[in-house]
Ligand SMILES: Cc1cc2nc3c(=O)[nH]c(=O)nc-3n(C[C@H](O)[C@H](O)[C@H](O)COP(=O)(O)OP(=O)(O)OC[C@H]3O[C@@H](n4cnc5c(N)ncnc54)[C@H](O)[C@@H]3O)c2cc1C
């Protein structure tokens, strides 16, 4: 009999298991594939490992501006993938080590609920006081298409054996934009299709505009407000149509949706309820309708992000341990897209803040306004902050440009520590750093922008 059985060892599951063990629970984690889940093995980490190579290639191409003469970099894609695999191996090895160090038992196999605190793994039936479901999500095709042949998902796009000559990417959310931006800079011809009217459509409109400009500079052919149809995978390429035109690419990558991985999980046996979107229904402490059964990560509502999955797992087992927990404010989770230019945000967009009736104040500061933007060679970035004038509340932060994915965190911290833009404006920032642009944007909201 275990105290806690976690099904799935992604960033949700393994963090849950370690936290459960820290709380004194006898814990096991069941994994049917690889420790670390999709995030470490196929998604977040492989993506960032390849994107890093594209960033290095970009820096080499821009070296002339810094007085260094080099030729066009040549990409040894086999070596790129070898490094990708090494990075994954190092991190997944680290997770295995952490599980062991914390006394978490790893059980290999497919887990399914058998009702009343029981989990089936192959021929074995295990029992636990608490069960945490953390099986993540799987790719979904767009209507009228199916995966197969040269029509691939995002995880396959980060595991190609050869550098493709051309890619058509359907969907310009975070994943699609990362794939487009990496492969374009590695030398592929990339077409990026988005059904909505702008790239990164869930970001603030100003950020989408700058991102699209950046994508076009990388040679990406951007088609917004465009549906791709008639996708047919052939021997050496895929053909498709969009509007009145027809297209062809080595691969079509569908980056336009995922669904919870619940097949064979025994939700019906244990009578675990789903919500209206087909996700597992949970309350603010990640409890399902079945006592003792929790669900977290991509299985439940909220943004599909690794750090969200991890935090939910901590909440679930702390609740199981009888500790006081607080529901996550999903809107305040930092969102990061590691394309070039880097994009990161939290909270409301300007449009959302206005629609919600806030007394909106907007501060925009280009990276070029602070010394670091010029020193490090990125004057085109932008920090845009959205505030509510009445109490100086920070409603949203939107950053595009170098290190945006790191810079966003201080705004999230300020908000969650109940600071507003007047506080961020007065916190002393080091010089010369890009973070000074964040401080200046807060000053702009507060009505006393110095540099700009
Ligand atoms: C290409 C791509 C890039 C991404 N990049 C980022 C990023 O940069 N940052 C970010 O925050 N998020 C990113 N995401 C999202 C992130 O990967 C997910 O939000 C995260 O992996 C969810 O974690 P999880 O623990 O819920 O599930 P997963 O990571 O999906 O892990 C679930 C695990 O459960 C296992 N499993 C499933 N069913 C069973 C079963 N019945 N029995 C036993 N084991 C089972 C699976 O094998 C898997 O290992 C990306 C996603 C994609 C597709």
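The values are calculated or read from the model by the stated rules, or taken from the named source; none is laboratory data. The model shown is predicted, which means the values in this text are computed figures rather than measured ones. Don't worry about glycine lacking a Cβ; one is built from the backbone with ideal geometry, like all the others, and counts go over all protein chains shown.
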Pairs needed: first member in segment 259-286, farther than 17 Å from residue 138 by Cα and at pLDDT 95 or above; second member anywhere, within 11 Å of the ligand (Cβ to nearest atom) and in a loop (DSSP other than H, G, I, E, B); C-beta distance under 6 Å; at least 6 residues apart or different chains. 282/300; 286/296
Residue 135 being in contact (Cβ under 8 Å) with a residue 12 or more places away in the chain and either surrounded by 15 or more Cβ atoms within 10 Å (Cβ to Cβ) or more than 16 Å from the ligand (Cβ to nearest atom) (or both): yes
Qualifying residues in segment 316-336 (those that are under 20 Å from the mean Cα position of the chain (by Cα) and either away from the ligand (no atom under 12 Å from the Cβ) or buried (at least 24 other Cβ atoms within 10 Å of the Cβ) (or both)) - the one nearest to residue 24 (Cα to Cα): 328
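Just checking, does segment 351-362 include any residue being outside the structural domain of residue 217 (by TED's automatic domain parsing), over 14 Å from residue 396 (Cα atoms) and within 26 Å of the chain's Cα centre (by Cα)?
Scanning segment 351-362 turns up no residue that is outside the structural domain of residue 217 (by TED's automatic domain parsing), over 14 Å from residue 396 (Cα atoms) and within 26 Å of the chain's Cα centre (by Cα).
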Is it fair to say residue 110 is within 22 Å of residue 15 (Cα to Cα) and over 23 Å from the mean Cα position of the chain (by Cα)? yes
Is it true that some residue in segment 143-160 is in contact with a helix residue (DSSP H, G or I) (Cβ under 8 Å, 6 or more places away or on another chain), closer than 30 Å to residue 16 by Cβ, part of a strand (DSSP E or B) and within 14 Å of the ligand (Cβ to nearest atom)? no
Output the residues belonging to segment 30-42 that are surrounded by fewer than 22 Cβ atoms within 10 Å (Cβ to Cβ), touching a residue at least 60 places away in the same chain (Cβ under 8 Å) and near the ligand (Cβ under 6 Å from one of its atoms). 32
Only one of 90, 58, 69, 16 is surrounded by fewer than 19 Cβ atoms within 10 Å (Cβ to Cβ), at pLDDT 95 or above and either assigned to a loop (DSSP other than H, G, I, E, B) or touching a strand residue (DSSP E or B) at 6+ places or on another chain (Cβ under 7 Å) (or both); which? 69
